[in-house]
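Okay, structure first, notes after.
The values are calculated or read from the model by the stated rules, or taken from the named source; none is laboratory data. Everything quoted here is computed from the prediction, not taken from an experiment. All Cβ positions, even for glycine, are placed from backbone atoms using ideal geometry, and neighbour counts span all protein chains on display.
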Amino acid sequence: MRKKIVAGNWKMNKTAEEALSLVSEIDNMVKDEVSGEVAVVVAPPFPFLQSVGKLVQGNDKMHLAAQNVSEHESGAYTGEVSAAMLKSVGVEYVIIGHSERRLYHHEDAQTLYQKMKATIAHGMKPIFCCGEPLEERDADRHFEYVGKQLHDSLSYLSNEEFDQVVIAYEPIWAIGTGRTASSQQAQEMHEYIREQLSRMFDAEAAYNCSILYGGSCNPKNAQELFSQADVDGGLIGGASLKSRDFTDVIKSI
Ligand code: PGA
């Protein structure tokens with residue numbers, strides 16, 4: 001069985017104190033209420049990675065993620081954070097290619113590929129994000145669009161490298177908008193993604209790859225989305241900033 005994962009992307013929210021209180025609430029709720037096999041991932045902003053990581057260390061369900069990583073190994077890159085640095089503070093997953101980074105920071109397919117290489121080389125798992133804007137969905141080109149995103153950044157990875165990759169399908173029109181993809185729209189895209197992966201890598205690796213849904217996922221719609229055959233969990237933005245909502249989403253898996 002492939003791994004079920006629910007990841008909380010905190011984006012640029014919370015101060016140091018707020019981050020610690022949020023994660024300690026989540027940690028306690030997960031200990032008390034979550035019994036099934038699920039990896040719970042939290043992705044706080046960089047300055048809080050170490051303190052948040054320490055807090056969840058004793059809870060084997062909880063894992064630490066970064067929201068970004070530099071494609072460079074080290075050196076004169078002011079403001080950047082390397083994969084080795086992330087690894088050294090206990091990071092296990094790195095979100096790569098979120099639509100907000102593609103859009104506001106002009107991250108292209110080649111850069112994303114290099115970020116994935118750096119992440120995997122340092123023993124962490126990339127959560128590679130893909131997803132189409134509304135114009136592409138409306139023009140019925142969403143499969144083609146997502147297929148190209150996958151191909152352009154992933155196809156140069158080896159089978160061994162691909163084994164470490166988690167995919168998150170996040171239709172841009174559903175991110176932070178309150179408008180969710182229907183469970184049918186999510187399932188058909190996830191199935192398509194898995195099929196594309198099986199063309200690029202071996203079929204077993206594609207079958208075992210966790211594909212998460214993201215975009216206005218919340219306690220009300222999570223169960224329906226997670227019940228789909230190819231939906232292996234979620235990448236949660238807004239609802240991950242409230243411990244009760246996030247835990248309820250986790251319990252929907
Ligand atoms: P949202 O964000 O849940 O607030 O829509 C999801 C994401 O951007 O990862």
Please return the ranges of helices (runs of 4 or more DSSP H) entirely within region 63-166 where 1 or more residues are touching a residue at least 60 places away in the same chain (Cβ under 8 Å).
99-104
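Could you grab me the full set of residues in region 225-246 that are away from the ligand (no atom under 15 Å from the Cβ) and of a type outside the set (A, V, I, L, M, F, W, C)? Lay out the reasoning, then the answer.
Quick first cut of region 225-246, residues away from the ligand (no atom under 15 Å from the Cβ) only: 227-230, 232, 243-244.
Scanning region 225-246 gives SER227, GLN228, ASP230, ASP232, SER243, ARG244.
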For a quick check of your reading of the model, give me the residue pairs whose first member lies in region 6-35 and is farther than 14 Å from LEU55 by Cβ, whose second is in a helix (DSSP H, G or I) and acidic (Asp, Glu), with beta-carbon atoms closer than 8 Å and at least 6 apart or on different chains.
LYS11/GLU100
Could you list, in sequence order, the residues of region 161-183 that are within 11 Å of the ligand (Cβ to nearest atom) and aromatic (Phe, Trp, Tyr)?
TYR169, TRP173
Checking the condition touching a Leu at 6+ places or on another chain (Cβ under 6 Å) and more than 29 Å from GLY123 (Cβ to Cβ), which residue from SER183, SER216 passes?
SER183
Give me a count of the residues in region 132-149 that are under 25 Å from ASN221 (Cβ atoms) and either touching a strand residue (DSSP E or B) at 6+ places or on another chain (Cβ under 6 Å) or hydrophobic (A, V, I, L, M, F, W, C) (or both).
4
Going by the conditions given, is SER158 in contact with a Leu (Cβ under 9 Å, 6 or more places away or on another chain), among the polar types (S, T, N, Q), at pLDDT 95 or above and more than 15 Å from the ligand (Cβ to nearest atom)?
no
Considering region 201-224, residues that are under 14 Å from the mean Cα position of the chain (by Cα) and away from the ligand (no atom under 12 Å from the Cβ), and then whichever is farthest from ASP27 (Cα to Cα), we arrive at CYS209
